[in-house]
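What follows is a short report on a single structure.
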Amino acid sequence: MDFEAFFKTRLDALKAEGRYRVFTGIARRAGAFPRARDHAHGGEITVWCSNDYLGMGQHPDVLAAMRAALAETGAGAGGTRNISGTTHHHIALERELAELHRKPAALVFTSGYVANEAALATLGSQLPGCVIFSDALNHASMIQGIRHSRADKVIFQHNDPADLERLLKTADPARAKLVAFESVYSMDGDIAPIRELCDVAKRYGALTYLDEVHAVGLYGARGAGVAERDGVLDRVDLVQGTLAKAFGLVGGYVAASAMLVDFLRSYAPGFIFTTALPPAIAAGAVASIRYVKGAAELRQRHQERAARLKQRLAAAKLPVMASDSHIVPVLVGDARLCKQAADDLLERHHIYVQPINYPTVPRGGERLRFTPTPLHSDADIDALVAALSDVWSRLPIRRVA
Ligand code: PLP
């Protein structure tokens, strides 16, 4: 087989559709976020698509904790969690996460993706006759975990407790069941009816699995997520989250009963057979979570910035999509135009945002996804709206009538 020709054909197909990704070499400027240096074009840009939702990636407490741990322990963990890779920083982080979610225990993975993949693959393959009920818009990491578990999968309509119930009704009562969904869906910005979904799941004896990746740090009195905001932390059996978004670092985790966490710790290949996160990351994460837990004003400002941006975009007749959360999607509806708009924003307006294409969103749903942070000023918002108005007038992209 001509392997190179095969790879080229597949890459050409992406290019023809306009959804081939080109890396932009940018460097965030710690202390000046959302500003970054654009190494490709030179000059300073404003980042509008970072998932460092609160700017914790540059917070002095986080950087100080990381520097101290780096000086204390060196760079890498030096082993898997079971074989020399567990430091007191990892243990402190798992305690902090368990406390945040009001669960008896937590377990840290190398990313949120790995946490979902490992936890779902392990649960789905080990629970006897397991059937996994999965929201239609679940993230790729959950889909892969379910696939790798080889458990039977049943897809329920997005955020629809009635459809979940209809499907659970038909399942064999003797089989183990798991219901997996997210709280904040990161591309549309809508929020799950967690209480209702859990009520249905519990009626049929199912284990509830909630991905709060885009909500931890951001919702609830202490930033434990939408389950905390809605008063349903105890209805969720397993909460999965990330350290990479609102907490500003890298890594993923689950929080659940002591037995469930110990089970995953002991059986999940994605936990066992990989090197632990660097201790400095764990130390930075502890500092970040502690700060964010007490920073209700940061969460309020984050929501206020998102609301202001949505309102300003709507006033400019730009097609901002309905969103219940801090995520602000603007519809373009075409992969090529979406890329052109993003390129134009960067090159002419020094605004950095990435096109969101199929398969992340359906074809025709291509969009620009803006993530305002507490660090984006009124002037930043004004500059963004003016730049988008300019791009929309130059390209054949629909405005709101
Ligand atoms: N779950 C959801 C819903 C996500 O959007 C993401 C995205 O990055 C992940 C999990 C993976 O988390 P991480 O970036 O920490 O790997």
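The values are calculated or read from the model by the stated rules, or taken from the named source; none is laboratory data. As the structure is a prediction and not an experimental result, all values here were calculated from the model. FYI the Cβ positions are ideal-geometry reconstructions off the backbone, even for glycines, and counts take in every protein chain you see. What goes into the accessible areas is simple: the full protein's heavy atoms, side chains included, and nothing from ligands, DNA or RNA. Shrake-Rupley method; radii C 1.70, N 1.55, O 1.52, S 1.80 Å.
Let me know the whole percent of all Cα-Cα pairs from the stretch 127-183 that are separated by more than 13 Å.
Above the 13 Å cut-off, the stretch 127-183 has 56 percent of its Cα pairs.
Name the trypsin sites (Lys or Arg not before Pro) in the stretch 83-164 that are in a loop by DSSP and that have at most 13 other C-beta atoms within 10 Å, would you?
Listed in order of number, the matching sites are 150.
Using only the Cα atoms of the chain, construct the convex hull and provide its projected area averaged over every direction, in square nanometres to one decimal. Mind showing how you got there, number by number?
Values: hull surface 85.3 nm².
Averaged projected area of the chain's Cα convex hull equals 21.3 nm².
From the P(r) of the stretch 1-141, can you give the percent of Cα pairs sitting at distances over 20 Å?
On the way: 7154 of 9870 pairs.
Of all Cα-Cα distances in the stretch 1-141, 72 percent exceed 20 Å.
Quick one: accessible surface of residue 21, probe radius 1.4 Å, all protein chains present, in square angstrom to the nearest 10.
Per-residue accessible area (residue 21): approximately 120 Å².
Counting C-alpha atoms alone, how compact is the stretch 174-226: give Rg to one decimal and Dmax as a whole number, in angstrom.
For the stretch 174-226, the Cα radius of gyration and maximum Cα-Cα distance read 12.3, 39 Å.
Please compute, for the alpha-carbon atoms of the stretch 53-129, the extent along each of the three principal axes and give them in descending order in Å.
48, 32, 22
Can you give me the Cα centroid spacing of the stretch 21-42 and the stretch 116-190 in angstrom?
Cα centroid of the stretch 21-42 versus Cα centroid of the stretch 116-190: 37 Å apart.
Report the FRET efficiency, 1/(1 + (r/R0)^6), for residue 144 and residue 196, where r is their Cβ-Cβ distance and R0 is 30 Å, rounded to 0.05.
According to the calculation, E is roughly 0.65.
For the stretch 271-372, count all C-alpha to C-alpha pairs, find those more than 19 Å apart, and express that count as a whole percent of the total. Let's see the in-between values first.
Values: 3074 of 5151 pairs.
Of all Cα-Cα pairs in the stretch 271-372, 60 percent lie more than 19 Å apart.
Run the Debye formula on the Cα coordinates of the stretch 67-188, all scatterers equal and no solvent, and tell me log10 I(q)/I(0) at q = 0.18, 0.23 1/Å.
-1.04, -1.31
Using amide H atoms built in the peptide plane, which far-off residues or other-chain residues are under 5 Å from residue 252 H to H?
Sorted by chain and number, the residues that satisfy this are 109, 110, 111, 112, 243.
Among 238-248, 281-291, 320-330, 154-164, how do they line up by average Cβ neighbours within 10 Å per residue, starting with the highest? Don't skip to the end; give the middle numbers.
Numbers: 238-248: 26.9, 281-291: 25.2, 320-330: 19.9, 154-164: 17.6.
Packing order, densest peptide first, comes out as 238-248, 281-291, 320-330, 154-164.
Report, in listed order, any pair from 245/339; 293/317; 8/339 with a Cα-Cα distance greater than 28 Å.
293/317
If I build a Gaussian network model for the chain, linking alpha-carbon pairs within less than 10 angstrom, which residue out of 193, 362, 60 has the largest mean-square fluctuation?
362
Excluding ligands, DNA and RNA, what is the solvent-accessible area per residue of the stretch 1-51 at a probe of 1.4 Å, expressed in Å²?
Per-residue accessible area for the stretch 1-51 comes out at 67 Å².
Tell me which residues come under 5 Å, amide H to amide H, from residue 80 once H is placed; ignore anything under 5 positions away on its chain.
Sorted by chain and number, the residues that satisfy this are 85, 276.
Can you pull the semi-axes for the stretch 215-349, root of five times each eigenvalue of the Cα gyration tensor, sorted largest first, whole Å?
For the stretch 215-349, the semi-axes come out at 34, 20, 16 Å.
Rounded to whole Å and sorted largest first, list the principal axis extents of the Cα atoms in the stretch 94-140.
Principal extents (largest minus smallest coordinate, Cα): 32, 24, 19 Å.
So what does residue 2 come to for accessible area, using a 1.4 Å probe and Å² rounded to 10?
100
Which whole-Hz couplings ³J(HN,Hα) result when phi for each residue of the stretch 22-28 is put into the Karplus expression 6.51 cos²θ - 1.76 cosθ + 1.60, θ = phi - 60°, listed in order with x for Gly and Pro?
Those phi angles translate into 10, 5, 9, x, 10, 10, 5 Hz.
Would you work out what percent of the accessible area of the stretch 101-227, with all protein chains in place, is carbon or sulfur (probe 1.4 Å)?
Ligands and nucleic acids excluded, carbon and sulfur reach 53 percent.
Residue separation times 0.36 nm, minus the C-alpha to C-alpha distance between residue 303 and residue 259: what's the value?
Values: separation 44, 0.36 × 44 = 15.84 nm, distance 3.62 nm.
Extra length from residue 303 to residue 259 when fully extended: 12.2 nm.
Kirkwood Rh and Cα-based Rg: tell me the resulting Rg over Rh for the stretch 257-307, rounded to two decimals.
Expressed as Rg/Rh, it is 1.19.
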